[in-house]
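Written below as structure tokens is the structure these notes are about.
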Amino acid sequence: MEDIDQNFGYVLYQNNLGKKRKIEEFELVKANDRAKVFINRQHELTQYDRELGQKVSFDLKEEENEMSILVENMGRVNYGKNMIHQQKGIADGVLVNGAFRNGWIHYGLPLDNIEQVDYDQPAIEGEPSFSQFEFTVEEAQDTFVDMTGWGKGVVFINGFNLGRFWEVGPQFKLYIPGPLLRQGINEIVVFETEGRVKDSVELTDRAPY
């Protein structure tokens, strides 16, 4: 991630895996912190924390097969001996049947430019996606956005990054300070990585405790 001049967010890696065959050993070498692997835009596996680097196997079923790997930066350790090993993304490479793959295309997703998202593109079920919502405010006050029923991702209010949510917890509701809201039309954008999206988001006055 740092090699493409990016410190936060996600990186999407894409590679042509070629013909239909059995992948006996697939390994992400020194990847941080959470990786979702897709084959032909279908979710194949997710590795997180101590699972990263474990060898797995799967079948390539099409005549031509494209791999996409979405790697998330979940934060950096700021104490202890691991401080010097906080590079994010895939540091060393991807092994497929014992050989490193080359010819990758890299897409940086720092999430600091969400105003450039094209919402006219169709969403693909099960894939990461951006969702855009609008709501009207008559009087701006503190509130919470409830992400129950969504999977994992990041919420933005009027372009401001509110923070992360995850169905496994602990973040289910995110605090929206009143000054972030404005009278009239307001925008919520959700970047969701698990393919679990809803047609609406709920604002509530109930705190997450």
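Structure notes:
- Pairs linking a residue in segment 92-107 that is within 16 Å of residue 32 (Cα to Cα) to a residue that is part of a loop (DSSP other than H, G, I, E, B) and open to solvent by 80 Å² or more (accessible area, probe 1.4 Å), with Cβ atoms under 9 Å and 6 or more positions apart or on different chains, are 93/102; 95/55.
- When 72, 64 are checked against the criterion of being under 30 Å from residue 157 (Cβ atoms) and among the acidic types (Asp, Glu), 72 stands alone in meeting it.
- When the test is whether a residue is open to solvent by 90 Å² or more (accessible area, probe 1.4 Å) and at negative phi, residue 83 passes it.
- Scope segment 59-80; condition open to solvent by 80 Å² or more (accessible area, probe 1.4 Å) and within 23 Å of the chain's Cα centre (by Cα); matching residues: 76, 78
- The number of residues in segment 152-181 that are on the phi < 0 side of the Ramachandran plot, modelled with pLDDT of 95 or more, surrounded by fewer than 18 Cβ atoms within 10 Å (Cβ to Cβ) and not in a strand (DSSP E or B) comes to 4.
- Condition check for residue 196: closer than 30 Å to residue 7 by Cβ, open to solvent by 30 Å² or more (accessible area, probe 1.4 Å) and either among the aliphatic types (A, V, I, L, M) or not in a strand (DSSP E or B) (or both): yes
- Residues in segment 7-56 that are part of a loop (DSSP other than H, G, I, E, B) and over 15 Å from the mean Cα position of the chain (by Cα): 19, 20, 40, 52, 53, 54, 55.
- Look at (1) under 23 Å from residue 129 (Cβ atoms); (2) modelled with pLDDT under 95; (3) in a strand (DSSP E or B) and you find that residue 67 fails only one, number (2).
- Only listed residue being closer than 21 Å to residue 48 by Cβ, open to solvent by less than 70 Å² (accessible area, probe 1.4 Å) and part of a strand (DSSP E or B), chosen from 190, 145: 190
- In segment 42-54, the residues that are in contact (Cβ under 8 Å) with a residue 12 or more places away in the chain, surrounded by 11 or more Cβ atoms within 10 Å (Cβ to Cβ) and not aromatic (Phe, Trp, Tyr): 42, 43, 44, 45, 46, 47, 52, 53, 54
The values are calculated or read from the model by the stated rules, or taken from the named source; none is laboratory data. Predicted model, so just to flag it, every value in this text is computed and none were measured. Counting neighbours? That spans all protein chains shown, and the Cβs are built from the backbone with ideal geometry, glycine included. Note: areas computed on protein heavy atoms with side chains; ligands, DNA, RNA excluded. Shrake-Rupley method; radii C 1.70, N 1.55, O 1.52, S 1.80 Å.
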